[in-house]
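What follows is calculated from the coordinates using simple rules that are stated; it is not laboratory data. Being a predicted model, the structure only gives us computed values, none of them experimental. Please note: Cβ atoms are built from the backbone with ideal geometry, for glycine as well, and neighbour counts cover all protein chains shown.
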Amino acid sequence: MIQPFLKAVPLLTELENAGYEAYFVGGAIRDYLLDRSIADVDIATSAKPAEVKSVFSNTVDIGIEHGTVLVLFKGTPYELTTFRTEAEYSDFRRPDKVTFVRSLTEDLRRRDFTMNAIAMDRGGSIIDPFDGRKAISERKIETVGAAADRFSEDALRMLRALRFVSQLSFEIEAETLKALTRLAPLMANIAVERKTAEFEKLLTGKSRCQSIELLINTEVYKYMPGIAGFKNNLVKLSHQPCSDLSNMEMWLLLLHYLELGQQESESFLREWKLPSKKIKTLLHHQVWLKYRLENEWSPLSLYHSGRVAVRDVERVFHVIRGNPISTEVEWLFSYDALPIKQRSDINVSGSELIAWFGKPGGPWLKELLGKLETAILQKELNNNPAEIKEWLAKCNLSSEKN
Ligand code: ATP
Ligand code: MG
């Protein structure tokens with residue numbers, strides 16, 4: 001067993017000592033068997049939420065109606081979910097009702113894919129009633145039980161299959177893929193937030209190109225926010241080399257291939273319900289990407305773009321141009337060498353200028369600071385108070401005094 005599990009073993013032991021069963025389950029087991037790094041360790045237990053809370057002192061209710069309690073154990077939070085089945089899906093999403101059960105196998109049966117339906121006990125023994133290990137060794141994504149039933153129960157599983165293609169470079173098993181292609185329209189019933197969470201993982205996976213191709217071929221894209229009418233644009237995106245881009249860089253690349261204007265981009269990003277701050281950053285990045293596609297950077301554009309945008313834009317620019325990309329963005333050296341990075345770096349303050357010119361602050365001040373900023377960035381002026389004063393006098397700006 002490896003560290004993240006070892007650290008949580010005492011937690012399983014405590015539950016067992018109290019008379020319950022408890023196992024490691026879900027993505028952590030899959031990733032462990034694949035030798036991938038493990039994000040968080042999830043635990044399934046026969047103990048009901050109230051029982052879990054009676055065993056541990058430090059708990060937070062995070063989804064009690066679904067059986068999930070967060071336990072803080074030696075400084076690490078763990079999600080403990082009671083074994084459950086999910087009965088009666090009437091609207092192709094989330095069950096109407098969950099029923100707590102005492103059987104691990106029943107709990108594993110309700111999970112989406114066989115690779116995600118494996119458990120491990122505290123001694124490291126694997127419990128695998130649906131042959132998840134075989135699927136992992138064959139690099140196959142297949143549903144637990146009949147794919148059509150499982151996708152009809154919760155249509156999000158179809159998008160999850162595509163995001164696992166992207167992250168794990170697995171293939172979707174033939175019957176599962178057939179059902180997925182037929183049932184893609186059920187995706188229309190899924191809440192945007194759930195789609196966004198999976199799509200963001202899909203965007204940054206190693207095999208995103210294959211995954212985007214599948215998104216197109218299965219027509220799942222028609223049920224995703226804002227991209228239904230953009231098949232050709234998505235095809236172009238899928239033909240890009242699958243470079244290792246960050247989440248922000250991928251959204252930026254997507255915006256580029258959708259060929260949207262600023263306003264349309266904003267509505268598009270809002271449709272995905274991304275946080276406002278992220279939308280604002282992406283729109284800023286987009287402006288500078290458009291600039292970069294037609295220009296080299298200059299001291300002024302580097303300055304107004306800002307370090308993060310220079311880095312992200314430059315990497316996306318190279319992907320679009322088909323150049324290799326690296327984490328070492330050359331232009332960042334030029335950015336770092338700029339004499340000022342923000343207006344407050346100018347070695348004269350607004351109040352000093354007000355005092356010097358002897359007139360109250362107003363639009364003139366902003367304009368003047370802008371001129372100083374430009375002159376300093378273009379190396380017409382050194383950023384020191386004496387030279388700035390001299391420059392202001394030479395430019396005859398002090399005549400504004402009167
Ligand atoms: P990741 O490593 O990205 O977290 P994961 O497999 O752990 O991948 P989660 O969304 O964290 O994915 O879900 C945890 C587990 O819960 C899954 O491994 C799967 O067993 C089960 N699961 C999650 N979503 C569904 C779903 N829509 N239908 C059925 N089972 C699901
Ligand atoms: Mg997980």
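Based on Cα contacts under 8 Å between residues 6+ apart, the range 26-78 shows a relative contact order of 25 percent. Going by alpha carbons, how many degrees (0 to 90, nearest 10) lie between the helix axis of 192-203 and the longest principal axis of the chain? The two axes meet at around 80 degrees.
Taking amide H positions as modeled 1.01 Å from N, with prolines and chain starts lacking one, the residues under 5 Å from residue 113 and 5 or more places away or on another chain are 144.
Karplus-derived 3J(HN,Hα) values for the range 67-74, using 6.51 cos²θ - 1.76 cosθ + 1.60 with θ = phi - 60°, are x, 9, 10, 8, 10, 8, 10, 6 Hz; glycine and proline are entered as x. Under conditions of 25 °C and 0.890 mPa s, the range 1-138 yields 161 µm² s⁻¹ as its translational diffusion coefficient, taking Rh as the Kirkwood radius over Cα pairs in the Stokes-Einstein equation.
Listed cross-link partners 178/278; 280/341; 195/278 are compared with a 25 Å cut-off, the Cα-Cα value being larger for 178/278. Evaluating 6.51 cos²θ - 1.76 cosθ + 1.60 at θ = phi - 60° for every residue in the range 108-123, the Karplus couplings come out as 5, 5, 7, 6, 5, 10, 4, 5, 9, 10, 10, 10, 9, 8, 6, x Hz, glycine and proline recorded as x. Charged neighbours of residue 373, selected by a Cβ distance under 10 Å, balance to +1 (K, R count +1; D, E count -1). Could you give the Stokes-Einstein D for the range 243-338 in µm² per second, using the C-alpha Kirkwood radius, 10 °C, 1.306 mPa s? The Stokes-Einstein estimate is 117 µm²/s. Computed over the chain with a Gaussian network model linking Cα atoms closer than 10 Å, the most mobile of 355, 119, 188 is 355. Taking Lys and Arg as +1 and Asp and Glu as -1, the other residues whose beta-carbon sits under 12 Å from that of residue 272 total 0.
Which GluC sites (Glu not before Pro) in the range 219-326 sit in a loop by DSSP (not H, G, I, E or B) and have at most 10 other Cβ atoms within 10 Å of their own Cβ? Filter output for the range 219-326: 294, 296. Couplings for the range 152-165, taken from phi via the Karplus curve 6.51 cos²θ - 1.76 cosθ + 1.60 with θ = phi - 60°, read 6, 4, 9, 5, 4, 4, 5, 5, 4, 4, 5, 6, 6, 4 Hz in order; Gly and Pro are left as x. Here's the list of lysines a cross-link from residue 236 could span, going by alpha-carbon distance under 19 Å and ignoring same-chain residues fewer than 8 apart: 206, 222, 290.
From the square roots a ≥ b ≥ c of the eigenvalues of the alpha-carbon gyration tensor of the range 271-402, which class results: rounded (a/c under 1.5), prolate (a/b over b/c), or oblate?
On the way: a/c = 3.14, a/b = 1.98, b/c = 1.59.
In terms of gyration-tensor shape, prolate.
Seen against the Cα atoms of the chain and their longest principal axis, helix 208-217 is set at about 70 degrees.
Tell me the trypsin sites (Lys or Arg not before Pro) within the range 26-85 that lie in a loop according to DSSP and have at most 12 other beta-carbon atoms within 10 Å.
On the way: sites: 30, 36, 53, 74, 84; in loops: 36, 74.
For trypsin sites (Lys or Arg not before Pro) across the range 26-85 that sit outside H, G, I, E and B with at most 12 neighbouring Cβ atoms in 10 Å, the list reads 74.
Seen against the Cα atoms of the chain and their longest principal axis, helix 307-321 is set at about 70 degrees.
Comparing 147, 18, 135, which has the greatest mean-square fluctuation in the GNM of the chain with Cα pairs linked when under 10 Å apart? Between 147, 18, 135, it is 18 that shows the largest mean-square fluctuation.
Excluding same-chain residues fewer than 8 positions from residue 48, which lysines have a Cα within less than 20 Å of its Cα? Straight-line reach from residue 48, under 20 Å: 97.
Cross-link partners of residue 394 among lysines, defined as those whose alpha carbon lies under 21 angstrom from its own and excluding same-chain residues fewer than eight positions apart: 359, 366, 371, 379.
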